[in-house]
Amino acid sequence: MSTAKPRPAPADAPGVGDDAVCHPERCPCTDGNCTLSRTARAASPAADPQDYRTLSATEAAVSERLAGMTLNMPAMAAVSNVYRAAGAIRNHFEHTVLAPYNLTWTGWVVLWVVWIWQEIETRHVAAEAGISKGTLTGVASTLEKRGLVARRAHPDDARRVLLSLTPAGLKLMAELFPQFNKQEALVVESLSADEIKVLAAALRKVVVDLESGPASA
């Protein structure tokens, strides 16, 4: 395990606030610069091949470690594959369509949420993006400095902040989203049309079930 101390991220690093530090367990980093997720770093060409485990190798190791235990293996496999797929997808997008725009996955998601809702309160952006309010503060500050988002006080409560896209942000999203969608199609190109529909419906059901309340013990 590396003992190197976290280095401060550059002030203009996408998706990072001015006071952020590049901590290898929290901050998206590449060589000390907050630009890519930890998943992206692990799978990057510069990474040591011995540090990366294929899906098959991981599945074999899990089976060996859990041999003899009474478990719901199909459930574990489903959740594990969702988690791994999410990381692989994030890695793919950060290395392809988002890289030319100097955007992290988190920065992209924030732009997407604000783009869809046109003007939205910061607390709702954080919830929609699945990030903390502190993380959103840093991401929004960076996007604001780049001239992509604008803030204004809520008309009913000056303590609340609303975000919207600037003309430059709107132009970027209009240009970027069609490219992003092409990569979405590429990600699922090995699936049939029916498999894509089943996958989307199944994942949506999982999300709805979890968001409706805590699961039974």
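The values are calculated or read from the model by the stated rules, or taken from the named source; none is laboratory data. If you're wondering where the values come from, they're calculated on a predicted model, not measured in any experiment. Heads up, the Cβs are rebuilt from the backbone with ideal geometry, glycines too, and the neighbour counts pull from every protein chain shown. Accessible surface is based on the protein model in full, side chains and every heavy atom, while ligands, DNA and RNA are left aside. Shrake-Rupley method; radii C 1.70, N 1.55, O 1.52, S 1.80 Å.
Sequence-ordered 3J(HN,Hα) estimates for the stretch 173-188 from the Karplus curve with 6.51, -1.76 and 1.60 and θ = phi - 60° stand at 5, 5, 7, 7, 4, x, 5, 4, 5, 4, 5, 4, 5, 5, 4, 10 Hz, glycine and proline given as x. In the distance distribution for the stretch 119-170, Cα-Cα pairs more than 16 Å apart total 38 percent.
For LYS145, the lysines whose Cα falls under 17 Å of its own Cα, not counting residues fewer than eight places away in the same chain, are LYS171.
Note on the stretch 78-121: with neighbouring protein chains present and a 1.4 Å probe, carbon and sulfur make up 65 percent of its accessible heavy-atom surface.
Proximity of backbone amide H atoms, modeled 1.01 Å from N, is registered between VAL149 and GLU144, THR166 at under 5 Å, excluding neighbours fewer than 5 places apart on the same chain. In sequence order, the stretch 117-123 has phi-based couplings of 8, 6, 9, 8, 5, 4, 5 Hz under the Karplus curve 6.51 cos²θ - 1.76 cosθ + 1.60, θ = phi - 60°, and Gly or Pro positions carry x.
Report the charge-dipole magnitude of the stretch 61-217 in Debye, nearest 20, computed about the Cα centre from +1 at each Lys and Arg Cβ and -1 at each Asp and Glu Cβ.
420
The length gained by stretching the chain between SER132 and ALA61 to full extension, at 0.36 nm per residue less their Cα-Cα distance, is 22.2 nm. Extending 7 Å from the Cα toward the beta-carbon at both ARG123 and ARG160 defines two label points whose distance is 0.7 nm.
Applying the Karplus relation 6.51 cos²θ - 1.76 cosθ + 1.60 with θ = phi - 60° to the stretch 91-98 yields 3J(HN,Hα) values of 4, 4, 5, 5, 8, 10, 5, 7 Hz, where x marks Gly and Pro.
Per residue, the stretch 72-173 exposes 54 Å² of accessible surface when a 1.4 Å probe is rolled over the protein heavy atoms with every protein chain present. Compared with the alpha-carbon gap, the fully stretched path from GLN183 to LEU210 is longer by 7.0 nm at 0.36 nm per residue.
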